[in-house]
Amino acid sequence: MIPLELLARVSAAAFVFALIALWEVLAPRRPWSVGRRPRWPHNLGIAIIDALALRILIPTAAVGAALFAAGNGWGLFHSLNLRLSLASLLGFLALDLAIYAQHVAFHKVPLLWRLHRMHHADLDIDVTTGVRFHPFEILISMLIKIAVVLALGIAPIAVFVFEVVLNATSMFNHANVSMPSWLDRALRLIVVTPDMHRVHHSIFARETDSNFGFNLPWWDRLFGTYRAAPEAGQLGMTIGLPSFRDRGELRLDRLLTQPFRGDVADQPRKRPGEKLGS
Ligand SMILES: [Zn+2]
Ligand SMILES: [Zn+2]
C-alpha cells in the first residue's frame, strides 16, 4: 500500500508541475535556446533518480527525524515548551534559512560547487530545471535538513508542509513564465519569483552569486545578496555556465558524471560583457 504521505507529496508535485508547464506553453517569458525536447527526459530522469536514491538511502527522511524528535522530546523547541503553531512557524523559517545557507555554501566550497554546478549547467531554465539537482546534492541537503530538524525539534507537520511548499516553489521560481510586472513585484514580497531566481542562472559570476533563496525572498535582502534584475535584461541574458555548453552535456548520463569531470574552477565568468568561450 502506498503511504498517504507519499501519495500527497506526489499528487501535489504533479499538480503544480502540470499547472506551471501549461502556463509555460500559454505565456512563455523567454525564447528557447535549446528547447524542451533535448532537456525534459533527462531533467525528469534525474528527478526520478533523486527520489529513488532518497527513498532507498535515507528512507526515514526529514519527517521521520521529526517524528523521532517529537517522540523523544529532542530539540530546542521542546525544551522551550513552545505552542505547536509558533514552533511550526519558527521551524518553517529555520528550515528555509538553512536551505539558503546551504545554497550559499554549495557555491562557495569548490567540492560542493562541483555537485551544484550541474543545476546551473542547464542551457534553458524552466519548470524541469527546478528538479534538476545531482543526487549527491539531494542526499547532502537531506542530511542537513535532518540535522536542523533534530537540533530544533521541528514538528513533523511543519517539516512536511515545508518540503511540499519548497518543492512547489522550486518549480515555480524556475518557470519560464511571464506575468505582469506589478504581479512580480507584489509576489516578490513573499516568494522568490521566476524573474528573481533567473538572475541566479546568469552566466556571469556576480549575478550567479546573488538571489540564493528558493522559497522566501527575505534572506537575500537581509544578507545583501539580492539582485533585482540581470544586467543584460531578462530576455538578453545568457543562461548556464561557460563550460558545459555542448548539447551532449544535457544527457542524463552526462548530468550524473558531470561533478567528476572538468576543472573545479569551472565558475561562471567574472565580467558582464565578456564574450562566451567555447
Ligand atoms: Zn545555485
Ligand atoms: Zn536554480
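At a glance:
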{"item": "Long-range neighbours under 7 Å by Cβ, at least six apart or interchain, first residue over 13 Å from Pro135 (Cα atoms) within the stretch 249-262, second surrounded by 17 or more Cβ atoms within 10 Å (Cβ to Cβ) and small (Gly, Ala, Ser)", "result": "Glu249/Ala121; Gly262/Ser243"}
{"item": "Residue list for the stretch 87-123, filter: within 12 Å of ligand 2 (Cβ to nearest atom) and among the charged types (D, E, K, R)", "result": "Arg117, Asp122"}
{"item": "Given (1) outside any helix (DSSP H, G or I); (2) touching a Ser or Thr at 6+ places or on another chain (Cβ under 9 Å), index of the condition Ala229 fails", "result": "(2)"}
{"item": "Condition met for Glu163 (among the acidic types (Asp, Glu) and more than 13 Å from ligand 2 (Cβ to nearest atom))", "result": "yes"}
{"item": "Cβ pairs under 7 Å, 6+ apart, first in the stretch 211-229 and free of Cβ contacts under 8 Å to residues at least 40 places away in the same chain, second of a type in the set (D, E, K, R) and away from ligand 1 (no atom under 14 Å from the Cβ)", "result": "Pro217/Arg188"}
{"item": "Residue that is nearest to Ser88 (Cα to Cα) [pool: residues in the stretch 33-71 that are among the β-branched types (Val, Ile, Thr) and in a loop (DSSP other than H, G, I, E, B)]", "result": "Thr60"}
{"item": "Test: Leu166 is of a type outside the set (D, E, K, R), surrounded by fewer than 21 Cβ atoms within 10 Å (Cβ to Cβ) and more than 16 Å from ligand 1 (Cβ to nearest atom)", "result": "no"}
{"item": "Selection count, the stretch 190-215, where residues are assigned to a loop (DSSP other than H, G, I, E, B), within 11 Å of ligand 1 (Cβ to nearest atom) and not acidic (Asp, Glu)", "result": "5"}
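Rule-based calculations on the coordinates, nothing more; no lab input. Note that the coordinates shown come from a computational prediction; the quantities given were computed from them, not determined experimentally. Neighbour counts run over all protein chains shown; Cβ positions are idealised from the backbone, glycine included.
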